[in-house]
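All remarks here apply to the structure that follows.
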């Protein structure tokens, strides 16, 4: 019995919420870069399917996600399901450092600021996570929107309305030649204004859900009862999946408009805008058009919420400073 217990160490409940000052920053970013790249690779095909379903004239909008995936495999093989991944994986590395640093710093500052406030702990944790998610998203938008424009255009190569490009640098060259540098920030306002609250919602829901789940199953900070690795992963994955699923329902219409805005160059009425894009969606398919690609996006965000947060919490546990 002692041997079994030795191989399955118990963890302090404090290890479920490791703050910035407890982390070895170099290990945190190096391990994070490796594990997040692997995690992104696993769910990238769902992003390709979702993006193709959202593009006008693709002939894919009325098909199921599974049918679109099968069609991509038939026409382009497995490489077709990973279009844009190389650019996304390599290009995301500096952005992840920026996003993770701003996330943890702002969360730590908010937790300290609210420490003496009279509010339930779940509310305090939810607020801290929500504020951190919003700030991190605003900061990272400056980096990730141009990268998103490049990756989205690579994903829809060959579809009607898209400009043929031979690679990421060709995308940049053609966008800048057509619209100048502002073309690389198509959808920036829509992304920043809408996704920042969505990010706050996701992180706030995750922080509060995890806190509530731990307390509901009998764990407390001052309790001698400690969760195992398996229990910790299960609770964090459940909270992440719940947050991701809720967020996908709210943000899919915005994502559909943003994707179109970033990949279509002309509707025959001048430079695309948010209003023109939304109006075109309504004309084509009514209100249901805003939920094109919802199935793959729901799957993508649920899987992303689960795998991302399990990966993220693992990175933090592996990066705790050695005593």
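No value in this document is a laboratory result; all are computed from the given coordinates. These figures come from a predicted structure and were not determined experimentally. Note that each Cβ is placed from the backbone with ideal geometry, even for glycine, and that neighbours are counted across all protein chains shown.
Relative to the longest principal axis of the Cα atoms of the chain, the long axis of helix 121-155 lies at roughly 30 degrees. For the chain, the Cα gyration tensor yields ellipsoid semi-axes of 38, 20, 19 Å (square root of five times each eigenvalue, largest first, whole Å). Across the stretch 127-251, counting alpha-carbon atoms alone, Rg and Dmax equal 20.1, 64 Å.
Computed extension gain for residue 176 through residue 230, at 0.36 nm per residue and net of the alpha carbon distance, reaches 14.5 nm.
Working from label points 7 Å from Cα in the Cα-to-Cβ sense, the residue 30 to residue 118 distance is 4.9 nm. Ordering 214, 20, 287 by the number of other Cβ atoms within 10 Å of each residue's own Cβ, fewest first, gives 287, 20, 214.
In degrees between 0 and 90, to the nearest 10, how far off the longest principal axis of the chain does helix 25-54 point, with axes built from Cα atoms? Helix 25-54 sits at roughly 40 degrees to that axis. Ranked by how many other Cβ atoms sit within 10 Å of their own Cβ, fewest first, the residues 159, 261 fall in the order 159, 261. Here the extension length gained between residue 64 and residue 163 equals 33.1 nm, from 0.36 nm per residue of separation less the Cα-Cα distance. Using only Cα atoms and rounding to the nearest 10 degrees, what angle (0 to 90) does helix 85-113 make with the longest principal axis of the chain? Helix 85-113 sits at roughly 40 degrees to that axis. Convex hull of alpha carbon positions in the stretch 148-216: directionally averaged projected area 6.7 nm².
Between 86, 240, 218, the Gaussian network model of the chain with springs among Cα atoms under 10 angstrom shows the greatest mean-square fluctuation at 218. The order of 320, 145, going from fewest to most other C-beta atoms within 10 Å of their C-beta, is 320, 145.
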